[in-house]
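The structure appears below as structure tokens.
The values are calculated or read from the model by the stated rules, or taken from the named source; none is laboratory data. All values derive from a computational prediction rather than experimental measurement. As a convention, Cβ positions derive from the backbone with ideal geometry for all residues, glycine included, and neighbour counts pool all protein chains shown. The accessibility values were calculated without ligands, DNA or RNA, using every heavy atom of the protein model including side chains. Shrake-Rupley method; radii C 1.70, N 1.55, O 1.52, S 1.80 Å.
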Amino acid sequence: MSEPKLHVPAVPARPGETPDFSYVNLAPAGAVMKPDPRVPVAETVALAESLIRVLDEQGKACGPWNPKLSPDRLIVGLREMLLTRVFDDRMQRTQRQGRITFYIRSYGEEAVSVAAAAALARSDMLFPSYRNQGLFIARGVSLVELMCQLLSNTRDMCKGRQLPVMYHAAEENIFSLSGNLATQFPQAVGWSMAAAIKGESRIAAAWIGEGSTAAADFHHALTFAKVYKAPVILNVVNNQWAISTFQGYAGGEQRSFAARGPGVGIAGLRVDGNDYLAVYAATQWAAERARCGEGATLIELVTYRAGAHSTSDDPTRYRPREEFAEWPLGDPAERLKQHLIQLGAWSESQHAALLAELEETVATAWKQAMAYGTLSEGPKLDPKLMFSDVYKNMPEHLRLQCEQMEREA
Amino acid sequence: MTIMNMVQALNSAMDVMLARDSSVVVLGEDVGYFGGVFRVTDALQKKYGAHRVLDTPIAEGGIVGAAIGMGVNGLRPVAEIQFADYIYPAYDQIVSELARLRYRSAAAFTAPLTIRTPCGGGIRGGQTHSQSPEGVFAHVSGIKTVMPSNPYDAKGLLIAAIEDDDPVIFFEPKRLYNGPFDGDPERPAQAWTNHPMAEVPEGYYRLEIGKAAVARAGGAVTMVTYGTMVHVCIAAAEAEGIDAEVIDIRSMMPLDIDTIAQSVEKTGRCLIAHEATRFAGFGAELSASIQEHCFWSLEAPIARVAGWDTPYPHAFEWHYFPGKQRVRRSLRQLMQIEG
């Protein structure tokens, strides 16, 4: 008999070592069957362990999950992914220049947000994490509006109260971002329960990282979704890294994150998160399942966090630099581009022209946003705003503190 | 003696304790291989192994719950909560379990935990990276709450916390990690290098939890404070040219009321300062206790300077932070009152 020993998840590769993604369970494009969205949960068990993929290595769409989108629709998707990327790169640079205090890029996982937004109805409610800026961009929130939030300037939607990237967009049905992890998961379930109570056909969708599945709120969300068959899509973006800890520390060894769904009693799908078509199709399937009363789906989107966790992080300290180049699911924008070229609907020169146009769009928006001020220059928000919205009506002690601040300014 | 900043001093405390006591384990998010997002646990996993310095899943309730179980089973865990703002998922485990385990089991079970967590503002962290929740925990019977203001105290108190058989929540003012801060954001950041409290023994030593320190001696007024505000209060007193005695309480519970009362009885005036919001903040307990002990010595009402009663705002950080100007103004007003 051997003694029990504490298991410590083994990280595949550290800096200086060769990247090793042999732990990622892959499946060829088109290999996974597509059941009717009304199937019993048990019939999704295999889907939760396999990998739903549409785009193959050559950029050809294959198999039953192909959503058969028009080239025009795909070009819109490509544009939104690239716009997200160009926006991210520019904002990261402005942080390095000291114009904004903090930033989080979604580099390498843009399809997760952009394709899901395309597959959902505009009236569906989205509960993003801080790496889902693609949802805001795909829903048409203006870049200037997002930039003003990042700058905490006079047009800041959060009135200077929130850290950069903690956006919201009530008009576009996107919930307010929290810095606390996974809190939006049970909230999305509750939102969708309210829709069911009111007899609406609207559904909710939420996103968290695989690291956050460790949080109790993830488990609360799954249980409530199961108990009430809530019309909600619960997305786990498995980008392999939670700051310095790889997905094994969230419990990703041996079992997929999607398998938690059928484990609790809701449908589960494991999806190539860098495949625009697969993300679209899986979201569409889960949305249909929710709308016809069959309840929630847990979707694991397998992707890779190609950049740092945030501008405060340096991933070269804990993982090999070359990992993204070796990532078996590639780059979502490159893969959709390749598919469009393969279809004859796109070319390298069109791609280059689009990138140049997007750079220009972002640069123009940045100039406009800067005109509304920054933390250090130009017009500034009135500090009195600090005291409003703490309560609906300002209590007396806050009114007095506000007066004191003004008097002493 | 070596010159250490607060990060190095805290690291040294854990290093010393991991070496001295095989029951000590360190756990938390990113604390192992990476060495913590503020580098406080740097190199400890390499030195002591992945069974004693554990990277954990992102679940504060899980970290504290598991640490309680380890503590019950003979270990002496030092758990890190990455930011005090993220401690609330562990609130039930701390308040309903950790704090009352000894009491409810008539001491049949105990868990000697230390929970380290960076707190406070001044780093443009917004509402989720700036909070000072010490008052929330000081209110809970069964746990001790500590907040050092310099490297020497940080190491000595952290060692004492780890050796303490009662649970301790150890708040680390993150603005002080790399240098003292007098509350003026316009001044270039200072390093600990030339500060007398940055001279830290490399080996083992401990300070008693529950003893306040006189951070600046004086006779005209007593300033009672802790954490980052110790430095702000000293700077404010010096800028005003007031002979203030600045008392760094160092722990909220136990509270060294004797040292505070002795000073207030001498000076007859008292100003309390903390970063946390004012309403029902720890300053309220301080004010009540000082009034109970020193009522007949007081020549003026006790003054309080604290964060405004709002969440911590990103853009208005320096309007919110109770900096040098606000402390100076309050100090002037307090000194003008006729005794």
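Determine, at each q value in 0.13, 0.19, 0.23 (inverse angstroms), the log₁₀ of I(q)/I(0) that the Debye formula gives when each Cα of the range B:217-339 is one equal point scatterer.
Values returned for q = 0.13, 0.19, 0.23 Å⁻¹ are -0.46, -0.99, -1.43.
Using a simple charge model, +1 on the beta-carbon of Lys and Arg, -1 on the beta-carbon of Asp and Glu, nothing else, what dipole does the range A:41-378 show about its Cα centre, in debye to the nearest 20?
With Lys and Arg at +1 and Asp and Glu at -1, about 660 debye.
Could you work out which residue, out of A:111, A:196, A:170, moves most in a Gaussian network model of chain A, that is, has the largest mean-square fluctuation with Cα springs under 10 Å?
Maximum among the listed residues: A:170.
Within the accessible area of the protein assembly as shown, what % is carbon and sulfur when the probe is 1.4 Å and the other protein chains stay in place?
The nonpolar share, carbon plus sulfur, comes to 51 percent.
Give the relative contact order (percent, whole number) for chain A; include only Cα pairs under 8 Å separated by 6+ residues. Before the final figure, lay out the partial values.
On the way: 788 pairs, mean separation 94.2, N = 409.
It comes to 23 percent, rounded to a whole number.
Straight-line reach from residue B:211: which aspartates and glutamates fall under 15 Å, measuring Cα to Cα and dropping same-chain residues less than 8 apart?
Partners within reach: B:153, B:164, B:248, B:256, B:258.
Apply the Karplus curve 6.51 cos²θ - 1.76 cosθ + 1.60, θ = phi - 60°, to the phi angles in the range A:141-146 and return the couplings in whole Hz, x for Gly and Pro.
Going residue by residue, I get 5, 6, 4, 4, 5, 5 Hz, with x marking Gly and Pro.
What GluC sites (Glu not before Pro) does the range A:313-409 have in DSSP loop regions with at most 11 other beta carbons within 10 Å? Present the calculation step by step, with values, prior to reporting the outcome.
On the way: sites: A:322, A:323, A:326, A:334, A:348, A:357, A:359, A:360, A:377, A:396, A:403, A:406, A:408; in loops: A:322, A:377.
Those satisfying the criteria are A:377.
Step by step: find N for the range A:146-209, compute 2.2 N^0.38 Å, then divide the Cα radius of gyration by it. What's the final number?
That works out to 1.30 for the range A:146-209.
I want the local charge near residue A:28. Using Cβ-Cβ distances under 13 Å, sum +1 for each Lys or Arg and -1 for each Asp or Glu among the other residues.
After counting each charged neighbour, the total is -2.
Assuming 0.36 nm per residue, please report the length gained on full extension of the stretch residue B:72 to residue B:190 beyond their Cα-Cα distance.
38.3 nm
What whole-number value in Å² describes the accessible area per residue of the range A:41-378 for a 1.4 Å probe?
34
Could you work out [θ]222 nm for the protein assembly as shown from helices alone, using -39500 (n - 2.57) per DSSP H run of at least four and dividing by all its residues? Round to the nearest 500 deg cm²/dmol. Numbers along the way, then the final one.
On the way: 24 runs with 266 residues, N = 748.
So the calculated ellipticity at 222 nm is -11000 deg cm²/dmol.
With springs only between Cα atoms under 10 Å, which of B:74, B:120, B:32 fluctuates most in a Gaussian network model of chain B?
Among B:74, B:120, B:32, the largest mean-square fluctuation in the Gaussian network model of chain B belongs to B:74.
Partner chain Cβ atoms within 10 Å, averaged over the residues of A:178-185 - can you pull that number for me?
4
Given a 1.4 Å probe and no ligands, DNA or RNA in the count, how much accessible surface is buried by B and A, both sides, to the nearest 100 Å²?
Buried area (both sides, nearest 100 Å²): 3400 Å².
Inverting the mean 1/r over all pairs of different Cα atoms, compute the Kirkwood radius of the protein assembly as shown and quote it in Å.
After inverting the mean inverse Cα-Cα distance, the result is 27.6 Å.
What's the percent breakdown of Cα-Cα distances in chain A across 10 Å bins, shortest bin first?
Per 10 Å bin, starting at zero, the Cα-Cα P(r) for chain A comes out as 5, 22, 31, 26, 12, 4, 1, 0 percent.
How many Å² of accessible area per residue for the range B:154-307, probe 1.4 Å?
Solvent-accessible surface per residue comes out at 37 Å².
Work from the charge dipole of the protein assembly as shown (Cβ charges, +1 for Lys and Arg, -1 for Asp and Glu, about the Cα centre) and give the residue of B:107, B:263, A:310 farthest towards its positive end.
A:310
Give, as a single signed number, the net charge of other residues whose beta carbon lies under 12 Å from the beta carbon of residue A:403, with Lys and Arg counted +1 and Asp and Glu -1.
With Lys, Arg at +1 and Asp, Glu at -1, the neighbours total 0.
I need the calculated FRET efficiency for the pair residue A:38 and residue A:380, taking r as the beta carbon distance and R₀ as 51 Å, to the nearest 0.05.
That pair, residue A:38 with residue A:380, gives E of 0.40.
Based on alpha-carbon positions alone, could you give the equivalent ellipsoid semi-axes of the range A:258-391 from the gyration tensor, as √(5λ), descending, whole Å?
In descending order the semi-axes read 34, 27, 20 Å.
Can you list the residues, at least 5 places off or on another chain, whose amide H is less than 5 Å from the amide H of residue B:304, using H built in the peptide plane?
Long-range HN contacts for residue B:304: B:272.
Counting only other chains, what is the mean number of Cβ atoms within 10 angstrom of the Cβ of each residue in peptide A:158-164?
Neighbouring Cβ atoms belonging to other protein chains average 6 per residue here.
Can you list which of the GluC sites (Glu not before Pro) found in the range A:199-288 are DSSP loop residues with at most 14 other C-beta atoms within 10 Å?
Sparse-neighbourhood loop GluC sites (Glu not before Pro): A:200, A:253.
Per Stokes-Einstein, at 25 °C and 0.890 mPa s, what whole-number D in µm² s⁻¹ belongs to chain B, with the Kirkwood radius over Cα pairs as the hydrodynamic radius?
Working: Rh = 20.1 Å.
For the chosen part, D equals 122 µm²/s.
Among the lysines, select those whose C-alpha is under 24 Å from the C-alpha of residue A:337, and discard any that sit fewer than 8 residues away in the same chain.
Straight-distance partners of residue A:337: A:60, A:68.
Short version: which residues of the range B:112-129 lose at least 40 Å² of accessible area, all chains versus chain alone, 1.4 Å probe?
Hits at the 40 Å² cut-off: B:124, B:127, B:128.
How much length, in nm to one decimal, is gained on full extension between residue A:317 and residue A:18, taken as 0.36 nm per residue of separation minus their Cα-Cα distance?
Once the chain is fully extended between residue A:317 and residue A:18, it gains 106.2 nm.
Please report the net charge: other residues with Cβ closer than 13 Å to the Cβ of residue B:11, K and R +1, D and E -1.
My count for the surroundings of residue B:11 gives 0.
Explain nothing, just the number: dipole magnitude of the protein assembly as shown about its Cα centre with +1 on each Lys and Arg Cβ and -1 on each Asp and Glu Cβ, in debye rounded to the nearest 20.
Here the protein assembly as shown has a charge dipole of around 880 debye.
Using bins 10 angstrom wide from zero, how does P(r) for the range A:192-302 break down, in % of all Cα pairs?
16, 48, 30, 6, 0
Determine the principal axes of the Cα atoms in the range A:1-96, then give the extent along each, sorted from largest to smallest and rounded to whole angstroms.
For the range A:1-96, the Cα spread along each principal axis is 63, 50, 26 Å.
FRET efficiency for residue A:76 and residue A:367, Cβ-Cβ distance as r, R0 = 30 Å, nearest 0.05?
0.75
Using Cα pairs closer than 8 Å and at least 6 residues apart in sequence, work out the relative contact order for chain B, in percent.
On the way: 782 pairs, mean separation 55.8, N = 339.
It comes to 16 percent, rounded to a whole number.
Among all the lysines, which ones have a C-alpha under 23 Å from residue A:384's C-alpha, if same-chain residues fewer than 8 places away are not counted?
Reachable lysines: A:159, A:392, B:324.
Run through the DSSP bridge list for the protein assembly as shown and note the antiparallel percent, rounded to the nearest 5.
Details: 11 of 67 bridges.
For the protein assembly as shown, the DSSP antiparallel bridge percentage is about 15.
Which chymotrypsin sites (Phe, Trp or Tyr not before Pro) in the range B:70-136 pass both tests, a DSSP loop state and at most 13 other beta-carbon atoms within 10 Å? Could the numbers behind the result be given before it?
Values: sites: B:83, B:86, B:91, B:103, B:109; in loops: B:83, B:109.
Sparse-neighbourhood loop chymotrypsin sites (Phe, Trp or Tyr not before Pro): B:109.
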